[in-house]
Amino acid sequence: MTTKYTEGEPIRDTKAPEGPIEDRWEKRKFGAKLVNPANKRKLNVIVIGTGLAGGSAAATLGELGYNVKSFCYQDSPRRAHSIAAQGGINAAKNYRGDGDSTYRLFYDTVKGGDFRARESNVYRLAQVSVNIIDQAVAQGVPFAREYGGLLDTRSFGGAQVSRTFYARGQTGQQLLLGAYQALERQIAAGTVEMHTRHEMLDLIVSDGRARGVIVRDMVTGEIERHIADAVVLASGGYGNVFFLSTNAKGCNTTAIWRAHRRGAMFANPCYTQIHPTCIPVSGDYQSKLTLMSESLRNDGRVWVPVKAGDDRPVSQIPEDERDYYLERIYPAFGNLVPRDIASRAAKNVCDEGRGVGPGGLGVYLDFADAIRRLGRDAVEKKYGNLFEMYERITGEDPYTQPMRIYPAVHYTMGGLWVDYDLQSTIPGLFVIGEANFSDHGANRLGASALMQGLADGYFVLPTTIGDYLADGPYGEVDEEAVAEAEIAVREKINKLLSNNGDRTADSYHRELGKLMWDYCGMERTEESLRKALERIPELREEFWKNVKVSGEADELNQALERAGRVGDFFDLAELMCIDALHRTESCGGHFRAESQDADGEALRDDENFAYVAAWEYGEQGPVLHKEDLDYEYVKMSQRSYK
Amino acid sequence: MGMNLTLKVWRQKGPEDTGRMVTYRVEDVSPDMSFLEMLDVLNERLILEGDDPVAFDHDCREGICGMCGMVINGVAHGEQVATTTCQLHMRHFEDNAVITIEPWRAAPFPVVKDLVVDRSAFDRIIQAGGFVSVPAGSAPDAHSVPVKKVDADAAFDAATCIGCGACVAACPNGSASLFTAAKITHLSLLPQGQPERDSRAKAMVEQMDAEGFGGCTNTGECTAVCPKGIPLDTIAQMNRDYLKASK
């Protein structure tokens, strides 16, 4: 069992320019070397993933004249899971004149991240946020508008200004289609070569630089090598380590985990975000969880029965035997407390045996009062589409009986460590979007994921990668390094196929996910994490000995695809627990039960933990490198919602 | 108490295989399962028995990525209105039902394996002109061009197409008109789409024909199965734009 880690050299240089924060990006852009247009054609870049970050990056790099190869595991780049984002996208446009500014968006994001993000990166994010809206509108993204013809905005959790642009409940879809269309334009122009139904299985590192990838053609099973001058990972987050999450079924950690194994440091793996309003699990067969907009908490009242094990139907539970626990514990904010607090409170009442629905893992979200007060029509106007979605999935009518909700994993703030240029600790390997760790600290604000993905892909990476490519092309690659990576991939596939075990990869994944949810989920303790760290290696060993994968290597084989991904989830799960165990403070989405104030709120320990934990892979256990976080502009403070 | 079902599933090893229907019994199915979860349960069993699981495309499982799609009892995405296969739940089926499951069938969508088909023709239609040419960083301020709310809303309605291909599977002619028209309409309704409006309509329609999709005869099956309810009149918009561009 590895609960042990060693500590290595701290990270001192993040490559952020010096000087006033508002000038840093300008300074970096000016300092970045340029590539002669004629030379761009000779430079090859590989982009893995086609979500908001990868799609916009591949399109923009193609447009600039680089030779781009883009890869996705789906049948079309338009399917990437960015498409499912509902709420909106933040931008410091200040179109409302309500006091918003670049500085305020920067400030809110650092504070929302519970003071665990890097100031210089977040400031740049706020700066380019305004360009994203311009770009998307010019592409024809149909944002919501007002009668005057101008863009509508709304306010979102964690902000007191109205800076969230949206396209009904399908903002992610519309922004992704904008990026996808830009990408298809470049494919037609011949600057981007698209490889759909291809999965990255390893990174090629030659002479210390990232020089390519090993991929599997998911239709023919062929193992292919692709060489380039730089590699960009935009492969998304790792929420599916919990098996059940709001991620798409195919989302996985393999691309970033393989890069980690090859030398890229993994930062803050324990920072995961749990969303309080999801539709609960209905049975063991459940394959994913569906999120419902948080706006429901504006009018719905959350409650559970006062008595544990009370399984009477709602209509037979009198008012005085209902516990509106959020209103009781947090009288000032009531049902509108932040995500992490609402999630933890739901878990606590369920742990007391007061949960409702199958398995006792749910709480009521009741609209009876709202319907009485506002009328059914008004409620329908506001929440009609959400009620319909709920009814479709559960078969229950939320107009006549309360909804049941439960928290679910939906975003991971951790990811591969990157510097100000979005470059990992392997030269030539860049990481963008949810796959990297930057910008959101320990907790992401609503409507900020879309902003970060597009900021990275359209505006930041195309500038910073140019600085690296200006010193290229990087010449021949070391054939031995390529062959070694290719052989390792083939061996792993053969191992999985030749096992004659008696459990499927999904059944192991489900067990790992439950273990992570119970021991490294909403609330973590030293005891629970030690338990997880004892159990994960045992289960992993059993998995590699006993997993059953049918079919062949050289065909479309979905059982094989899944098994390979589960193998990597085991390794990542272990690192997440080590990170969570070492960080004895609570912060943002990481709640250590031992570190809370008298009111049960997360208690940070700035003295000892105001750093990014960047983990280097080591055969003898991980090596921790600390990047200290200095706050020159934002004053650190403790949150309170009582 | 779970439901017991008989599934007749299209199995086809690869594009060259002729394919056939194979019957499976699935027992103790919970009415709360989604259709794809029911297939997951079948596949878990097939893997343990050393058989090839039924291959099917899927990803988000919340009705928005457009990756899933199968013809269920002869209807694309099944009989539930405005529903993707992943959002279809087993409570809509009777106990002891016999359910037939087939892939999208259209010449431009060749079967890859079992229920998986190749829809890359859709990507090529978009490549032909389903975009606005605007290099990153070149855009004017978002408020420099106001757009009427009714136009923005109508553009949004057309833009909600998820590219699943149910419209093609349902059309007796195997036409991709609804898919192509949705994109043409979305961009035609917005000022940003005007400069390339003519060339877009012409190129996209020609690509649609080149891929081998059939013509539209106003049957309306496409819009009836569309999970996002893309309206049929988008096709009229496409035809108008195409005629104007062809003059």
(message) I want to confirm something. Restricting to segment B:100-132 and keeping residues that are touching a strand residue (DSSP E or B) at 6+ places or on another chain (Cβ under 7 Å), outside any loop (DSSP other than H, G, I, E, B) and buried (at least 18 other Cβ atoms within 10 Å of the Cβ), which single residue is nearest to the other protein chains (Cβ to nearest Cβ)?
(response) B:117
(message) Regarding segment A:143-157, can at least one residue be identified that is in contact (Cβ under 8 Å) with a residue 40 or more places away in the chain, away from chain B (no Cβ under 14 Å) and either polar (S, T, N, Q) or in contact with a Leu (Cβ under 9 Å, 6 or more places away or on another chain) (or both)?
(response) yes
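For residues in segment A:204-253 being of a type in the set (Ser, Thr, Tyr) and under 23 Å from the mean Cα position of the chain (by Cα), which is farthest from residue A:493 (Cα to Cα)?
A:246
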(request) Kindly provide the set of residues from segment A:247-299 that are in contact (Cβ under 8 Å) with a residue 12 or more places away in the chain, assigned to a loop (DSSP other than H, G, I, E, B) and among the aromatic types (Phe, Trp, Tyr), ordered by number. (result) A:271
(message) Here is a list: B:83, B:100. Which entry is of a type in the set (Ser, Thr, Tyr) and touching a Lys or Arg at 6+ places or on another chain (Cβ under 6 Å)?
(response) B:100
(request) Please go through segment A:191-220 and pick out each residue that is within 11 Å of chain B (Cβ to nearest Cβ) and out of contact with any His (no Cβ under 7 Å at 6 or more places or on another chain). (result) A:192, A:194, A:196, A:197, A:219, A:220
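Return the residues of segment A:1-55 that are assigned to a helix (DSSP H, G or I) and closer than 28 Å to residue A:198 by Cβ; say none if nothing qualifies. Steps first, please.
Looking only at segment A:1-55, we keep the residues that are assigned to a helix (DSSP H, G or I), and these are A:21-31, A:37-40, A:52-55.
A:39, A:40, A:52, A:53, A:54, A:55 - these are the residues of segment A:1-55 that are assigned to a helix (DSSP H, G or I) and closer than 28 Å to residue A:198 by Cβ.
A quick yes/no check of all residues on (1) in the same structural domain as residue A:554 (by TED's automatic domain parsing); (2) at negative phi; (3) in contact with a strand residue (DSSP E or B) (Cβ under 7 Å, 6 or more places away or on another chain):
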position: A:212; (1), (2), (3): no, no, yes
position: A:225; (1), (2), (3): no, yes, yes
position: A:232; (1), (2), (3): no, yes, yes
position: A:246; (1), (2), (3): no, yes, yes
position: A:282; (1), (2), (3): no, yes, no
(message) Filter segment A:53-73 down to the residues that are over 20 Å from residue A:452 (Cα atoms) and among the aliphatic types (A, V, I, L, M) and list them by number.
(response) A:64, A:68
(message) Just to be sure before I move on: is residue A:156 in contact with a strand residue (DSSP E or B) (Cβ under 6 Å, 6 or more places away or on another chain) and crowded, with 22+ Cβ neighbours inside 10 Å in the structure I sent?
(response) no
(request) Being part of a helix (DSSP H, G or I) and at the interface with another protein chain (Cβ under 7 Å from one of its Cβ atoms) is the filter here, so list the residues in segment B:133-156 that pass it. (result) B:142, B:143, B:149, B:152, B:155, B:156
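If a residue counts only when it is farther than 21 Å from residue A:7 by Cα, which helices (runs of 4 or more DSSP H) contained entirely in segment A:521-627 have at least 3 such residues? Steps first, please.
Details: elements: A:526-546, A:558-582, A:606-609.
Counting at least 3 such residues, we get A:526-546, A:558-582.
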(message) What are the pairs with Cβ atoms under 7 angstrom where one residue, in segment B:60-82, is more than 11 Å from every other protein chain (Cβ to nearest Cβ) and the other, located anywhere, is small (Gly, Ala, Ser)? Sequence gap at least six, or different chains.
(response) B:71/B:169; B:72/B:78; B:76/B:69; B:76/B:166; B:76/B:169; B:76/B:170; B:77/B:69; B:77/B:166
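Can you find a residue in segment A:561-577 that is within 22 Å of residue A:121 (Cβ to Cβ) and either in contact with a helix residue (DSSP H, G or I) (Cβ under 9 Å, 6 or more places away or on another chain) or outside the structural domain of residue A:533 (by TED's automatic domain parsing) (or both)? Explain how you work it out, then say what you get.
Of all residues in segment A:561-577, those within 22 Å of residue A:121 (Cβ to Cβ) come to none.
No, segment A:561-577 has no match at all.
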(message) Residues that are within 13 Å of another protein chain (Cβ to nearest Cβ), under 25 Å from residue A:553 (Cα atoms) and within 24 Å of the chain's Cα centre (by Cα): does segment B:18-35 have at least one?
(response) no
(message) On the basis of being hydroxyl-bearing (Ser, Thr, Tyr), surrounded by fewer than 24 Cβ atoms within 10 Å (Cβ to Cβ) and modelled with pLDDT of 95 or more, does residue A:586 make the cut?
(response) no
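Do the conditions hold for residue B:166, that is, is it crowded, with 24+ Cβ neighbours inside 10 Å and at negative phi? Write out each step before concluding.
Working: crowded, with 24+ Cβ neighbours inside 10 Å: yes; at negative phi: yes.
So residue B:166 passes the test.
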(message) Restricting to segment A:480-505, give me the number of residues that are under 24 Å from residue A:220 (Cβ atoms) and outside any loop (DSSP other than H, G, I, E, B).
(response) 18
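Could you please let me know if residue A:368 is away from chain B (no Cβ under 14 Å), surrounded by fewer than 24 Cβ atoms within 10 Å (Cβ to Cβ) and of a type outside the set (Ser, Thr, Tyr)? Even if it seems obvious, please write down each step before you answer.
Working: away from chain B (no Cβ under 14 Å): yes; surrounded by fewer than 24 Cβ atoms within 10 Å (Cβ to Cβ): yes; of a type outside the set (Ser, Thr, Tyr): yes.
Here the answer is yes, as residue A:368 does meet what is asked.
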(request) Give me the pairs, please: first residue somewhere in segment A:408-427 and on the phi < 0 side of the Ramachandran plot, second residue anywhere and part of a strand (DSSP E or B) and basic (Lys, Arg), beta-carbon distance under 7 Å, and either six or more positions apart or on two chains. (result) A:427/A:209
(request) Hey, can you tell me all the residues within segment A:80-132 that are within 14 Å of chain B (Cβ to nearest Cβ) and without any contact (Cβ under 8 Å) to a residue 60 or more places away in the chain? (result) A:95, A:97, A:130
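Quick grid of which residues meet (1) touching a strand residue (DSSP E or B) at 6+ places or on another chain (Cβ under 9 Å); (2) of a type in the set (Phe, Trp, Tyr); (3) part of a strand (DSSP E or B); (4) buried (at least 22 other Cβ atoms within 10 Å of the Cβ):
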residue	(1), (2), (3), (4)
A:168	no, no, no, no
A:173	no, no, no, yes
A:176	no, no, no, yes
A:180	no, yes, no, yes
A:219	yes, no, no, no
(message) Exactly one of these conditions fails for residue A:231: (1) modelled with pLDDT under 95; (2) crowded, with 19+ Cβ neighbours inside 10 Å. Give me its number.
(response) (1)
(message) With within 7 Å of chain A (Cβ to nearest Cβ), touching a Phe, Trp or Tyr at 6+ places or on another chain (Cβ under 9 Å), not in a strand (DSSP E or B) and not charged (D, E, K, R) as the only criterion, which of B:41, B:54 stands out?
(response) B:41
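The values are calculated or read from the model by the stated rules, or taken from the named source; none is laboratory data. In this text the structure is predicted, and so the values were computed from the model without any measurement. So basically every Cβ, Gly included, is an ideal-geometry build from the backbone, and we count neighbours across all protein chains shown.
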